[in-house]
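Asks: Quick one: the structure is below, and I'll ask about it shortly.
The values are calculated or read from the model by the stated rules, or taken from the named source; none is laboratory data. Keep in mind that this is a model prediction, so the values were computed, not measured. Heads up, the Cβs are rebuilt from the backbone with ideal geometry, glycines too, and the neighbour counts pull from every protein chain shown.
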Ligand code: AGP
């Protein structure tokens, strides 16, 4: 999952590319690079490491006045993390440079054909084939960039979004996308193609979302686009309703901590503000014969909560499905099915693939999204925006609680009953939990060197145990396992030794008594218990109080925040990256 960006127009391309790349770095951060079109040809600087490291490197180029360029931040898929594999990639004659996000599935075959025609490759990546193909096509038809680009994309298989500059095409940036996102920020006299809107918000909030399976020639303030089939496209400029300030850390040391704290207002914003056509979505659910909730990672945990919420509030028997395991159930999807796809980025490849399959089978798709203009939003028959605001930290936090609130509102829209959450109570509850941050940080410093951490919960709290485990793993790099409390005796109890940390989600609802019995069993075997509940008990070694609320769903929303903070402070103690955890990326746009 990489970040790509380009600039063409009046202005300093280098400056825009670097600042835009910083805002894309959460998409991948193994290496970074850029290419500038100058009067002497194309200058390329690229290297392993962060955008900051690239910035130091390009200072040597600072004198280069260029108004056209492209840049890239990489999450390696094909080819190791090396300078040579960093993007941009160039053609043999150095007259073409490209940056790419996605996977060219037929790259080996194309590479062999190109080498047979005399091309020399300098990297191990799949992406480099695009540069050589463009070189051939532009050389063959120097005055017809559209024809050259169309011919290239018709040879590619797989997912791709790429932008290219060349000495053949002057201030025009060539672009194409197939199942990877690409959007163009447009101003009066400049254009900024990029992987997402966050990268160009500083300069414009006018965006053109390129259609899937389309090409574009992007000039200063002007974009022309057509489908791979050749059909010309009418382009629409959309106003992006995100404030740049929402993307900044606003004084926090990490985006992740800021976004955990953002829940002071995002949870109640999702609860009280307009999310989109909930009524229409509810109608689809009422009429459906089969309902699947499809998601990945944290969004899948929200889907698991959704199963309880839709069953208990709307009497709907829905099936959560991991997007990567969707093929098993695909055979039963048809015109009577509704697929509820949940995705913060709206670009998760597995989710989009499931959505495309379901649509082909006649199913209706409800998208529960966060990023405006995402592929999922545009593929959905009905989409609901959770309004959590941009989430930059790779670890999902505020988007999770907003996804859960959106599902609760959707369930209420189906049943016609009152939403069982009170904004005042919820907002106050989040504040009260956040006030315990010092104590939670204290517990984190005790847990930070644990070999394994276990988290248990019953009923609707089980998905929260899973979510807490994922946070501990991806932020602190500590192995953690979430499991249903009722499953302990069926095996995992064998792993409990003296001092084993077990986090227990145990609010005083219909799951409390049975979970308390689990605590006694764990204690008898020497476990160290961290209780998260509105009711204290002497069995806990550590305790984080969540406020007593009128609804168990409020408890679900409140009890996940201590887990987010615990994972954050464990990571801080362990010196982990936090906003950009190793090996991960914010948007998994490849399968
Ligand atoms: C969660 O902290 C992870 N970043 C990851 O599991 C994420 O939830 C998953 O990749 C799904 O992303 P999405 O919501 O953008 O589809």
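Asks: Among the numbered conditions (1) outside any strand (DSSP E or B); (2) at pLDDT 95 or above, tell me where residue 530 comes up short.
Replies: Here residue 530 meets the rest and fails (1).
Asks: Could you pull out the residue among 358, 413, 428 that is more than 21 Å from residue 263 (Cβ to Cβ), away from the ligand (no atom under 11 Å from the Cβ) and out of contact with any strand residue (DSSP E or B) (no Cβ under 6 Å at 6 or more places or on another chain)?
Replies: On the way: 358 fails: out of contact with any strand residue (DSSP E or B) (no Cβ under 6 Å at 6 or more places or on another chain); 428 fails: more than 21 Å from residue 263 (Cβ to Cβ).
Exactly one of 358, 413, 428 is more than 21 Å from residue 263 (Cβ to Cβ), away from the ligand (no atom under 11 Å from the Cβ) and out of contact with any strand residue (DSSP E or B) (no Cβ under 6 Å at 6 or more places or on another chain), namely 413.
Asks: Separate question: Hey, among 548, 535, which residue is in a loop (DSSP other than H, G, I, E, B), out of contact with any strand residue (DSSP E or B) (no Cβ under 8 Å at 6 or more places or on another chain) and without any contact (Cβ under 8 Å) to a residue 40 or more places away in the chain?
Replies: 535
Asks: Here's a check for you: in segment 341-354, which residue that is crowded, with 24+ Cβ neighbours inside 10 Å and either within 23 Å of residue 235 (Cα to Cα) or touching a residue at least 60 places away in the same chain (Cβ under 8 Å) (or both) is nearest to the chain's Cα centre (by Cα)?
Replies: Applying the first criterion (crowded, with 24+ Cβ neighbours inside 10 Å) to segment 341-354 yields 341-348, 351-352, 354.
Remaining after also requiring either within 23 Å of residue 235 (Cα to Cα) or touching a residue at least 60 places away in the same chain (Cβ under 8 Å) (or both): 342, 345-348, 352, 354.
Details: 342: 11, 345: 4, 346: 7, 347: 7, 348: 7, 352: 13, 354: 17 Å.
Residue satisfying both the conditions and the ranking: 345.
Asks: Under the condition of being in a loop (DSSP other than H, G, I, E, B) and more than 31 Å from the chain's Cα centre (by Cα), which residue from segment 144-172 is surrounded by the most Cβ atoms within 10 Å (Cβ to Cβ)? Steps first, please.
Replies: As a first pass, look at segment 144-172 and keep what is in a loop (DSSP other than H, G, I, E, B): 144, 154-157, 167-172.
Filter once more, keeping what is more than 31 Å from the chain's Cα centre (by Cα): 144, 167-171.
Working: 144: 14, 167: 18, 168: 20, 169: 23, 170: 13, 171: 15.
Once the filter is applied, the top-ranked residue is 169.
Asks: Can I ask one more? Among the numbered criteria (1) more than 24 Å from residue 353 (Cβ to Cβ); (2) surrounded by fewer than 24 Cβ atoms within 10 Å (Cβ to Cβ); (3) at pLDDT 95 or above, which single criterion is violated by residue 201?
Replies: Only one criterion in (1) more than 24 Å from residue 353 (Cβ to Cβ); (2) surrounded by fewer than 24 Cβ atoms within 10 Å (Cβ to Cβ); (3) at pLDDT 95 or above is unmet by residue 201, namely (3).
Asks: Taking the criterion of being assigned to a loop (DSSP other than H, G, I, E, B) and more than 26 Å from the chain's Cα centre (by Cα), would at least one residue in segment 437-446 satisfy it?
Replies: Scanning segment 437-446, I find no residue that is assigned to a loop (DSSP other than H, G, I, E, B) and more than 26 Å from the chain's Cα centre (by Cα), so the answer is no.
Asks: Could you pull out the residue among 435, 497 that is modelled with pLDDT under 95 and surrounded by fewer than 16 Cβ atoms within 10 Å (Cβ to Cβ)?
Replies: 435
Asks: Another question about this same structure. Look at residue 79 and say whether it is at pLDDT below 95 and farther than 30 Å from residue 189 by Cβ. Give the steps one after another, and end with the answer.
Replies: Values: at pLDDT below 95: yes; farther than 30 Å from residue 189 by Cβ: yes.
Answer is yes for this residue.
Asks: Could I ask something else about it? Kindly evaluate residue 516 against the criterion of being within 16 Å of the ligand (Cβ to nearest atom) and either closer than 30 Å to residue 421 by Cα or within 29 Å of the chain's Cα centre (by Cα) (or both). Walk me through how you get there before you give the answer.
Replies: Numbers: within 16 Å of the ligand (Cβ to nearest atom): no; either closer than 30 Å to residue 421 by Cα or within 29 Å of the chain's Cα centre (by Cα) (or both): yes.
So residue 516 does not fit the description; no.
Asks: Taking the stated definitions as given, is residue 380 farther than 25 Å from residue 555 by Cβ, within 15 Å of the ligand (Cβ to nearest atom) and modelled with pLDDT of 95 or more? Quick ask: steps written out before the conclusion?
Replies: Details: farther than 25 Å from residue 555 by Cβ: yes; within 15 Å of the ligand (Cβ to nearest atom): yes; modelled with pLDDT of 95 or more: yes.
So residue 380 passes the test.
Asks: I'm checking my understanding of the structure. Among residues of segment 285-308 that are surrounded by 17 or more Cβ atoms within 10 Å (Cβ to Cβ) and over 24 Å from the mean Cα position of the chain (by Cα), which one is farthest from residue 376 (Cα to Cα)?
Replies: Taking segment 285-308 as the starting set, the residues that turn out to be surrounded by 17 or more Cβ atoms within 10 Å (Cβ to Cβ) are 285, 288, 291-308.
In the following step, the residues that additionally are over 24 Å from the mean Cα position of the chain (by Cα) were identified as 285, 288, 308.
Details: 285: 18, 288: 20, 308: 24 Å.
Applying the filter and picking the extreme gives 308.
Asks: All but one of (1) in contact with a strand residue (DSSP E or B) (Cβ under 6 Å, 6 or more places away or on another chain); (2) under 22 Å from residue 350 (Cβ atoms) hold for residue 298; state the number of the condition that does not hold.
Replies: Of (1) in contact with a strand residue (DSSP E or B) (Cβ under 6 Å, 6 or more places away or on another chain); (2) under 22 Å from residue 350 (Cβ atoms), only one is false for residue 298: (1).
Asks: With respect to residue 216, determine if the residue is part of a strand (DSSP E or B) and within 16 Å of residue 375 (Cα to Cα).
Replies: Working: part of a strand (DSSP E or B): yes; within 16 Å of residue 375 (Cα to Cα): no.
So residue 216 does not fit the description; no.
Asks: Within segment 1-18, track down each residue that is in a helix (DSSP H, G or I) and closer than 19 Å to residue 182 by Cβ. It would help to see each step written out before you state the result.
Replies: Quick first cut of segment 1-18, residues in a helix (DSSP H, G or I) only: 13-18.
Result: 13, 16, 17.
Asks: Separate question: Going by the structure shown, is residue 392 over 24 Å from residue 461 (Cα atoms) and within 13 Å of the ligand (Cβ to nearest atom)?
Replies: Values: over 24 Å from residue 461 (Cα atoms): yes; within 13 Å of the ligand (Cβ to nearest atom): yes.
Spelling it out, residue 392 is indeed over 24 Å from residue 461 (Cα atoms) and within 13 Å of the ligand (Cβ to nearest atom).
Asks: Shifting gears a bit: Just a yes or no: is a residue in segment 383-405 crowded, with 24+ Cβ neighbours inside 10 Å, free of Cβ contacts under 8 Å to residues at least 60 places away in the same chain and closer than 19 Å to residue 300 by Cβ?
Replies: No, because not a single residue in segment 383-405 is crowded, with 24+ Cβ neighbours inside 10 Å, free of Cβ contacts under 8 Å to residues at least 60 places away in the same chain and closer than 19 Å to residue 300 by Cβ.
Asks: Of the numbered conditions (1) modelled with pLDDT of 95 or more; (2) more than 16 Å from the ligand (Cβ to nearest atom); (3) not in a helix (DSSP H, G or I), residue 480 satisfies every one except a single condition; which is it?
Replies: Every condition holds for residue 480 apart from (2).
Asks: Which is surrounded by fewer than 19 Cβ atoms within 10 Å (Cβ to Cβ), over 27 Å from residue 421 (Cβ atoms), within 16 Å of the ligand (Cβ to nearest atom) and touching a residue at least 12 places away in the same chain (Cβ under 8 Å), of 324, 330? If you could, list the steps in order and put the result at the bottom.
Replies: Numbers: 330 fails: within 16 Å of the ligand (Cβ to nearest atom).
Going through 324, 330 in turn, just one is surrounded by fewer than 19 Cβ atoms within 10 Å (Cβ to Cβ), over 27 Å from residue 421 (Cβ atoms), within 16 Å of the ligand (Cβ to nearest atom) and touching a residue at least 12 places away in the same chain (Cβ under 8 Å): 324.
Asks: Quick check: anything in segment 509-522 outside any helix (DSSP H, G or I), touching a residue at least 24 places away in the same chain (Cβ under 8 Å) and farther than 30 Å from residue 428 by Cβ? Walk me through how you get there before you give the answer.
Replies: Step one: of segment 509-522, the residues outside any helix (DSSP H, G or I) are 509-511.
Within this subset, residues satisfying the condition of being touching a residue at least 24 places away in the same chain (Cβ under 8 Å) are 509-511.
From what's left, farther than 30 Å from residue 428 by Cβ: none.
For segment 509-522, residues outside any helix (DSSP H, G or I), touching a residue at least 24 places away in the same chain (Cβ under 8 Å) and farther than 30 Å from residue 428 by Cβ: absent.
Asks: Continuing with this model, one more query. Here are some residues: 27, 22, 56. Which one is modelled with pLDDT under 90 and buried (at least 24 other Cβ atoms within 10 Å of the Cβ)?
Replies: Working: 22 fails: buried (at least 24 other Cβ atoms within 10 Å of the Cβ); 56 fails: buried (at least 24 other Cβ atoms within 10 Å of the Cβ).
Result of the check over 27, 22, 56: 27.
Asks: Pairs needed: first member in segment 406-423, without any contact (Cβ under 8 Å) to a residue 40 or more places away in the chain; second member anywhere, in a helix (DSSP H, G or I); C-beta distance under 8 Å; at least 6 residues apart or different chains.
Replies: Qualifying pairs under 8 Å: 418/412.
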